[in-house]
Each structure stands twice: as structure tokens, then as C-alpha cells.
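Student: The structure is given below, and queries will be raised subsequently.
The values are calculated or read from the model by the stated rules, or taken from the named source; none is laboratory data. Computed from a predicted model, the values in this text were never measured in an experiment. Quick reminder, even Gly has a Cβ in these numbers, built from the backbone with ideal geometry, and neighbours come from all protein chains shown.
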Amino acid sequence: MNIRSSLLKALLAAGILFSQAAMAQDAKELYNTATGFIRSGDYSNAILVLNQALQLEPDNFEYKKQLGYTFYLKGDLVKAKNVIEPLLSSREADVQVFQIAGNIYVGREEWKTAQRMYERALKKFPEAGELYNDNGNLLMSFKMYDGALHSWLKGIEEDPGFPGNYYNAVKTYDYSNNPLWCILYGETFMNMESFTTRTAEIRNIVLESYKKLFNDPSLFESAITEDKKSKRGGNNFVEAYKACMSKQISVVTGGIDPDALVMVRTRFLLDWFNFYDIKYPYALFDFQRNLLREGMFESYNQWLFGPAANQAGYKAWVGLHKQDYDAFQKFQRNYPLKPRPDEYYNDGKFTLINPGY
């Protein structure tokens, strides 16, 4: 009797486990079906299927998060909030759920709630570049320009591999007439996000920023001489950059175009790596030097500036140098720019002249 009882219990337990496994598999299949509906924009069907998945696995965090996000996409912000808000206190709460919550609060115009939520999220995830980016966008909507920029700069410092903070910082620096950081952050962004409408926007800003830079007398007034070096006992990154760039004024007397910029930037790199690279290591300059060594720097500069300077001229150049250009693009794909942590030199100072947001 005891053997039969034990066997019955074992079979029952096995049946329960099998049933649970089958349910989990069914729930996963339903979730995959729902994501397909989301991709096609059929949010009503996605919600229907996600609810079925949650009947099988009512405590599944990922399914709940996706359900809340789908309600948001559908425009039902009340239900979206009801689903997402309880998840923020979960031990499983991730960066994405805080982003979804932020979008919901902004959509409902619950600005202060959104702001408090981002503060809470950044304490939990202090290295999440996407949260700094979203927080900066929220502050910008309040016209808190200084706070927005500092959020994006903090995002660059904490998560240098996330492109969105570079994009927004460049736009803000462009409005505040600070070409130096437009150039550095803009080129970094273009390497991270190479073929979007935002890339084209930043490409124009970077080209114009070079023109502004060489039209700015303060560039040359603040150039570092050997006397200043000895008196100050050290120099910051911005001063060092200006010192090297100010030496190139003779190259641009005929104007700024891709050809002139190839020469300016080549000579800049030679100066930088003679005097400052050890004190101020910077991944962008290392990336440029690698392209120079590989004989691809001209192609790279044409890619950076050509479409903004002269679209027809750019296409003609690519047509005449197709082999070189293809080799550069292959190199760019295989060895992309990767900004490094601990190379943050921005003091965060700026003056907003023309807030155009």
C-alpha cells in the first residue's frame, strides 16, 4: 500500500511539473505572438494575447511590463499607469520599466511625478545613460536648460557608450554657441549613430562649428604658450585642445571645407600626440590616429563633412575613390569608436544664448 501511495504521489508530482512546464511554454509562445502584434502596430490583439499569457503566469514581470508598454503605445495612459506603477517597487524593476513609466507620466502631464521618478531611478541605476537622456528631455520641457544639459553631460560621464546624451548635448551647445564641444561630441555621436536623420542634423552642426571655432578670437587668445604652461603648472583639456587647434589658422585662410579639414585635423593630431595624449587620453583622438595610420583619414573626413559641405561634390569624390571609401567603411564597421570611461573633461559651464527647443 505504501509503495502504491509513493508511486501515485511521484506520478502526481511529475504530472504537476509537466503541466507547469507546458504552461510556461504556452505562456512564452503567447508572449512571442504578442510581440509580433506590437511590431505590426496591432496593439489591441497584443493586449488580448498578453492578458492570456498573464493568466498562465500571473507574476511574470516581463509580461506585465510589456502589457503596460502596449497600453501606452495604444494611448490608454490610465491602464498603462495602473499596470506599470506597481512594477516600479518590484525587486525586478529595470531601467526599461522606469523609462516606460516616465513616458506615461509625461503623456499624462504629471511632470513632478516624472521628475521624482527619474531621481529615484537614477539612484538605483546611476550608470544608465538612457535615464539621464530621458531626464534631460523632461527638464528641457520645463525650460530648465542648465539642468537638462547637466543631466546629458552626467549621462556621457557615467555611460559614455550611449549616443542619445551626445546628441542632445550637441544641440544645446549649438544654441549656446559653444563650437568646441559641438565638434567633439558631434563627431563621437556620428560614429555611434551613423546613418539616421539625427546623424545628418549633427553633421551640419559639426561643420558649422568648425567655422565658428576659427572665427572666434578667444580661440587664439587662450592658446597656451610655453610661458603659460610653466606658470600654471598644468592645463585643462579645453585649453590643450585650443592650443593645438589655434596653430592651424593658416590652413583655413581659404575657407572651411572637407579638404581643408583633413589638413587641419591631421596637423592637430600630430601636435596632440606630441604634447597632450598622455595627460589627456581621449578615445576619439586615438580612433582618428588609427584611421590616419591606416591611410583612411581622408575617406573618414569625407564621410564626416562631405554631405554637409557639398552633396554633389561628396558623391563625385566617393565615385572617384570607391575602393578607398569601401575599405574605410569596412574598417569603421569592424573597429568602431568606443568611448572609454574616465575620459571625461567637461566642466559643464555654458551660457544659453538662443534656446530654440
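Student: Of a type in the set (Ser, Thr, Tyr), in contact with a helix residue (DSSP H, G or I) (Cβ under 6 Å, 6 or more places away or on another chain) and either surrounded by 18 or more Cβ atoms within 10 Å (Cβ to Cβ) or free of Cβ contacts under 8 Å to residues at least 40 places away in the same chain (or both): does that describe Thr196?
Tutor: no
Student: Ok, one more. Exactly one of these conditions fails for Ser299: (1) more than 18 Å from Ser209 (Cα to Cα); (2) in contact with a helix residue (DSSP H, G or I) (Cβ under 8 Å, 6 or more places away or on another chain); (3) of a type outside the set (A, V, I, L, M, F, W, C); (4) surrounded by fewer than 18 Cβ atoms within 10 Å (Cβ to Cβ). Give me its number.
Tutor: (4)
Student: Specify which of the listed residues (Phe214, Phe189) is under 15 Å from the mean Cα position of the chain (by Cα) and either more than 30 Å from Tyr314 (Cβ to Cβ) or crowded, with 19+ Cβ neighbours inside 10 Å (or both).
Tutor: So the residue among Phe214, Phe189 that is under 15 Å from the mean Cα position of the chain (by Cα) and either more than 30 Å from Tyr314 (Cβ to Cβ) or crowded, with 19+ Cβ neighbours inside 10 Å (or both) is Phe189.
Student: Here's a follow-up. Search segment 189-229 for residues being part of a loop (DSSP other than H, G, I, E, B) and farther than 30 Å from Phe162 by Cα, and hand back the single one that is modelled with the highest pLDDT.
Tutor: Restricting to residues being part of a loop (DSSP other than H, G, I, E, B) and farther than 30 Å from Phe162 by Cα, the top hit is Asn215.
Student: Could you tell me whether Glu109 is touching a residue at least 12 places away in the same chain (Cβ under 8 Å), more than 19 Å from Ile38 (Cβ to Cβ) and not in a helix (DSSP H, G or I)?
Tutor: No; evaluated as a whole, the condition is false for this residue.
Student: Condition first: farther than 24 Å from Thr172 by Cα, assigned to a helix (DSSP H, G or I) and under 21 Å from the mean Cα position of the chain (by Cα). Can you find one or more residues in segment 123-140 that meet it? Give the steps one after another, and end with the answer.
Tutor: Narrowing segment 123-140 to residues farther than 24 Å from Thr172 by Cα: 123-125.
Still in the running and assigned to a helix (DSSP H, G or I): 123-124.
Filter once more, keeping what is under 21 Å from the mean Cα position of the chain (by Cα): 123-124.
Yes, the conditions are met somewhere in segment 123-140.
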